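Report on one structure; see the data block that follows.
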Amino acid sequence: MGKSLAEIEVVKAIVVEAGKRALTRWGSVQAEKKADLSLVTAVDRETEQFVERELSRLYPGYAFVGEEYGWRGPEDAPVWACDPIDGTTNFVVGMPHWCVSVGLVDNGIPMLGAIYLPVLDELFWAVRGEGAFCNGTRLQARDRDDLEIEDTLCMTSNSLKTLTAEANTARGSLCATVGLHEGIVDIAAALCLCLEAGCQFRYLRGPQVDIGALVHAQRTTEHFVCGPPRLIAYLQKTLRVR
């Protein structure tokens with residue numbers, strides 16, 4: 001078994017355990033507001049600490065960046081990017097769409113990712129060069145040259161967004177995702193999923209997103225599109241920034 005395939009088995013086990021721990025407090029935990037007015041709970045913090053502790057014990061030379069506690073470790077090392085509870089608002093109010101998300105990026109390349117939705121018992125995972133999967137089913141995004149009337153396009157925002165939407169783009173439930181100001185902790189795992197499912201990750205203005213630069217900036221600063229290539233080209237011609 002290759003190194004990345006061995007690592008993904010570890011990561012899958014960690015996100016599932018973290019998700020099941022969090023599930024015991026789903027819809028029954030108090031929340032507080034962070035400086036950016038987003039919600040955070042003790043479960044977010046405890047889950048990130050658990051994931052970081054487990055990964056640091058197994059991979060002591062790697063860095064780690066999380067939603068709640070930021071960057072730990074060397075600047076130039078492979079980095080685990082974790083959103084401990086992606087969809088905290090949903091978690092707090094008892095809605096099912098939240099997940100634990102962990103991705104590994106090395107030299108600007110998404111190497112692997114795992115996303116677990118405990119309420120739905122869905123485990124998404126991908127390894128570079130080995131494909132993307134959900135509960136054992138291989139994922140392949142469907143490309144097209146324009147939007148059809150029944151297509152669903154995810155437009156993320158800071159006030160209204162689902163959990164890691166790109167995972168559903170890889171699966172084909174969403175035809176593409178358009179986002180802005182999303183953190184590397186939100187999208188690192190989903191990036192590997194999408195790339196392995198035949199998608200691209202580009203700025204709305206055209207070029208591919210420099211993932212290495214994004215890791216260090218930790219947040220996108222302009223509109224991006226994640227989806228299959230022909231559909232991205234259509235959206236780049238159609239969508240305009242106000």
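Annotations
- Unique residue being in contact with an Asp or Glu (Cβ under 9 Å, 6 or more places away or on another chain), assigned to a strand (DSSP E or B) and not polar (S, T, N, Q) when the list is Val40, Val65: Val40
- Filter result (hydrophobic (A, V, I, L, M, F, W, C), closer than 17 Å to Lys12 by Cα and either under 19 Å from the mean Cα position of the chain (by Cα) or outside any helix (DSSP H, G or I) (or both)) within the range 43-62: Phe50, Val51, Leu55
- Residues within the range 111-134 that are in a strand (DSSP E or B) and either at pLDDT below 95 or β-branched (Val, Ile, Thr) (or both), tallied: 2
- Taking first residues from the range 37-52 that are assigned by TED's automatic domain parsing to the domain that holds Thr89 and partners that are surrounded by fewer than 20 Cβ atoms within 10 Å (Cβ to Cβ) and aromatic (Phe, Trp, Tyr), the Cβ contacts under 8 Å between residues at least 6 apart in sequence or on separate chains come to Arg45/Tyr69; Glu48/Tyr69; Gln49/Tyr69; Glu52/Tyr69.
- For the range 11-26, a tally of residues being assigned to a loop (DSSP other than H, G, I, E, B) and without any contact (Cβ under 8 Å) to a residue 24 or more places away in the chain returns 2.
- Any hit, the range 220-240, residues being within 14 Å of the chain's Cα centre (by Cα), without any contact (Cβ under 8 Å) to a residue 40 or more places away in the chain and not assigned by TED's automatic domain parsing to the domain that holds Leu39: no
- Going through (1) in contact with a strand residue (DSSP E or B) (Cβ under 6 Å, 6 or more places away or on another chain); (2) surrounded by 20 or more Cβ atoms within 10 Å (Cβ to Cβ) one by one, Lys34 falls short only on (2).
The values are calculated or read from the model by the stated rules, or taken from the named source; none is laboratory data. What you are looking at is a predicted structure, and each value in this text was computed from that prediction instead of being measured. Don't worry about glycine lacking a Cβ; one is built from the backbone with ideal geometry, like all the others, and counts go over all protein chains shown.
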